[in-house]
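First up is the structure itself, then whatever we jot down about it.
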């Protein structure tokens with residue numbers, strides 16, 4: 001947090017199925033998996049492109065989370081399917097050691113493209129919807145603390161959740 005690269009609006013991807021795009025995705029996947037993350041956006045590794053990856057299977061950091069298919073999502077568009085929002089705790093690799101209670105739409109449709117330019121169009125709920133919104137926020141220069149409504153619900157993980165080992169998302 002504080003790095004100007006995380007506050008920019010990322011550029012659209014125009015060329016799919018290129019060696020450069022595949023190399024970026026391999027780097028992102030390696031980074032996400034090495035940190036047991038649920039997702040990662042290209043700006044988090046210093047690349048100003050509208051590219052996110054996400055996916056959760058049996059992850060020790062998210063023992064209660066439903067599975068989210070491993071997805072490459074390029075040039076995403078999110079459409080909320082409800083006006084209501086739900087709050088839940090989030091963390092981020094770009095904001096290490098902290099957690100906050102973040103409002104998100106619990107039911108969304110997201111559209112975009114995979115690395116080959118094939119259309120992705122999904123309607124999702126719950127944790128899946130939260131992960132997509134969190135990662136796509138990075139493409140618009142938004143970090144989750146900017147969405148917190150009550151700053152008393154933001155703080156260091158070890159203070160908010162004493163005795164619980166939690167890692168950054």
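Suppose a student asked you for the relative contact order of the chain, using Cα pairs under 8 Å spaced at least 6 residues apart; what percent would you report?
Rounded, it is 25 percent for the chain.
Within 10 Å of each residue's Cβ, count the other Cβ atoms and sort 152, 125 from fewest upward.
152, 125
Treat the count of other C-beta atoms within 10 Å as a stand-in for reagent exposure and order 35, 93 from fewest to most.
The fewest-first ordering by Cβ neighbours comes to 35, 93.
Using only alpha carbon positions, build the gyration tensor of the chain, then give the equivalent ellipsoid semi-axes as the square roots of 5 times its eigenvalues, largest first, whole angstrom.
Values for the chain, descending: 25, 18, 16 Å.
Once each part is reduced to its C-alpha centroid, what is the distance from region 124-153 to region 82-110 in angstrom?
The distance from the Cα centre of region 124-153 to that of region 82-110 comes to 4 Å.
Take the chain, connect every pair of alpha-carbon atoms lying under 10 Å apart with a spring to form a Gaussian network, then pick out the residue of 18, 71, 123 with the largest mean-square fluctuation.
Among 18, 71, 123, the largest mean-square fluctuation in the Gaussian network model of the chain belongs to 18.
Using Cβ contacts closer than 10 Å as the measure, can you line up 9, 78, 120 from fewest to most?
The fewest-first ordering by Cβ neighbours comes to 9, 120, 78.
For the chain, set up a Gaussian network in which alpha carbons nearer than 10 Å are linked by springs, and say which option among 88, 64, 121 fluctuates the most.
64
Could you identify which residue out of 76, 145, 96 has the top mean-square fluctuation in a GNM of the chain using Cα springs shorter than 10 Å?
Its mean-square fluctuation being the largest, the pick is 96.
Read the figures in this text as sums done on the coordinates, not as results from a lab. Since the structure is predicted, the reported quantities are computational estimates derived from the model, not experimental observations. Positions of Cβ are generated from backbone atoms using ideal geometry, with glycine treated the same way; all protein chains shown enter the neighbour counts.
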